[in-house]
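Only one structure is covered here, and it is reproduced in the block below.
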Amino acid sequence: QTLNIQPQTKIALFADNSPRWFIADQGIMAAGAVDVVRSAGAEQQELAYILENSDSTALVVENLKTLNRLSSELANLPISLIVLLSDETPTEDLVRKTLNYGQLMDLGQNAQLQPVEQTKDTLATLLYTSGTTGKPKGVMLTHGNLLHQVNYVKTVFQPQSGDKLLSILPSWHAYERAAEYFFLSQGVTQIYTSIRYFKQDLKQFQPTYMVGVPRLWESLYDGVQKLLSG
């Protein structure tokens, strides 16, 4: 709100799993804006298309590498604010206000939250499809849509404070996102991992919960079978 973000402003959030992703997501929605989410690793043309198609006027990116990939596309887009989720020094931009994570935190440190009126029907996020069968399509999810999923999760799980959740699915994935919202609200410790560190983190942290898809469980099963047969 210190940046004068108006309700229902579209803000592209191109980043991957990390605590800062979650902070950015919650900050954007708390300000009444709509976050347009996609992986920082998506193709440049896809990210550029999403920026234009969503009418985003601000951009939050994982790091300078991601921003530099998009820099050539920004000239023709109405992006007036860029935020890096890293602590890298932003490239000087005379057209767009550009901040890194630390600078953003400093700006908001002494600001007072001004609640924004929202209902369950208020648009919360735009989640784009993969685009494998054509150009990506933006799926509109309201706060009510997200809350319905969160409330559904609690009918299945009753976690205890201090339990651990190991996350490997993209945080912006609708299924994973609802689970993270719910588990964190219950005092569960959130641990982010990746394909590269998954086995190591699974052994080290011994999570109480994981959110997965069939392919992930099949991979785990195959790994266990190889260990048993060896």
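The values are calculated or read from the model by the stated rules, or taken from the named source; none is laboratory data. Keep in mind the model is a prediction, meaning the values are calculated, not measured. Please note: Cβ atoms are built from the backbone with ideal geometry, for glycine as well, and neighbour counts cover all protein chains shown. Accessible surface areas use protein heavy atoms only, side chains included; no ligands, DNA or RNA. Shrake-Rupley method; radii C 1.70, N 1.55, O 1.52, S 1.80 Å.
Remarks
- Residues satisfying the stated conditions in segment 78-91, i.e. closer than 11 Å to Leu59 by Cα, of a type outside the set (S, T, N, Q) and assigned to a loop (DSSP other than H, G, I, E, B): Pro78, Ile79, Leu85
- Test for Leu47: is it outside any loop (DSSP other than H, G, I, E, B) and within 17 Å of Ala15 (Cβ to Cβ): yes
- Within segment 174-206, the set of residues being touching a residue at least 24 places away in the same chain (Cβ under 8 Å), open to solvent by 30 Å² or more (accessible area, probe 1.4 Å) and assigned to a loop (DSSP other than H, G, I, E, B) comprises Gln186, Gly187, Ser194, Ile195, Gln206.
- Hey, Leu166 open to solvent by less than 20 Å² (accessible area, probe 1.4 Å), over 22 Å from Gly27 (Cβ atoms) and among the aliphatic types (A, V, I, L, M) or not: yes
- Top-ranked residue in segment 50-63 [being in contact with a Leu (Cβ under 8 Å, 6 or more places away or on another chain) and assigned to a helix (DSSP H, G or I); ranked as farthest from Val34 (Cα to Cα)]: Glu52
- Close pairs (7 angstrom Cβ cut-off, 6 or more residues apart or separate chains): on the phi > 0 side of the Ramachandran plot and touching a residue at least 40 places away in the same chain (Cβ under 8 Å) in segment 45-67, basic (Lys, Arg) and not in a helix (DSSP H, G or I) anywhere: Asp55/Lys10
- Looking only at residues in segment 126-138 that are in contact (Cβ under 8 Å) with a residue 24 or more places away in the chain and of a type outside the set (Lys, Arg), the one that is farthest from Glu43 (Cα to Cα) is Leu126.
Let's see how each residue does on (1) open to solvent by 70 Å² or more (accessible area, probe 1.4 Å); (2) outside any strand (DSSP E or B); (3) touching a strand residue (DSSP E or B) at 6+ places or on another chain (Cβ under 6 Å); (4) under 18 Å from Ala33 (Cα atoms):
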position	(1), (2), (3), (4)
Lys65	yes, yes, no, no
Ser72	yes, yes, no, no
Leu104	no, yes, yes, yes
Asn110	yes, yes, no, no
Gln114	yes, yes, no, yes
Leu126	no, no, yes, yes
Pro136	no, yes, yes, no
Thr155	yes, yes, no, no
Pro159	no, yes, no, no
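- Test for Thr142: is it within 22 Å of the chain's Cα centre (by Cα), among the polar types (S, T, N, Q) and within 20 Å of Arg20 (Cβ to Cβ): no
- Pair list, Cβ < 6 Å and 6+ apart or interchain, from segment 84-101 residues that are within 20 Å of Trp21 (Cα to Cα) to residues that are open to solvent by 80 Å² or more (accessible area, probe 1.4 Å): Asn100/Asp87; Tyr101/Asp87
- Residue under evaluation Ala124, criteria (1) more than 23 Å from Asn4 (Cα to Cα); (2) of a type in the set (A, V, I, L, M, F, W, C); (3) touching a helix residue (DSSP H, G or I) at 6+ places or on another chain (Cβ under 7 Å), criterion not met: (1)
- Residues of segment 138-153 that are in contact with a strand residue (DSSP E or B) (Cβ under 7 Å, 6 or more places away or on another chain) and open to solvent by 90 Å² or more (accessible area, probe 1.4 Å): Met140 alone.
- Taking the conditions (1) under 16 Å from the mean Cα position of the chain (by Cα); (2) in a loop (DSSP other than H, G, I, E, B); (3) acidic (Asp, Glu) in turn, Asp121 satisfies each one other than (1).
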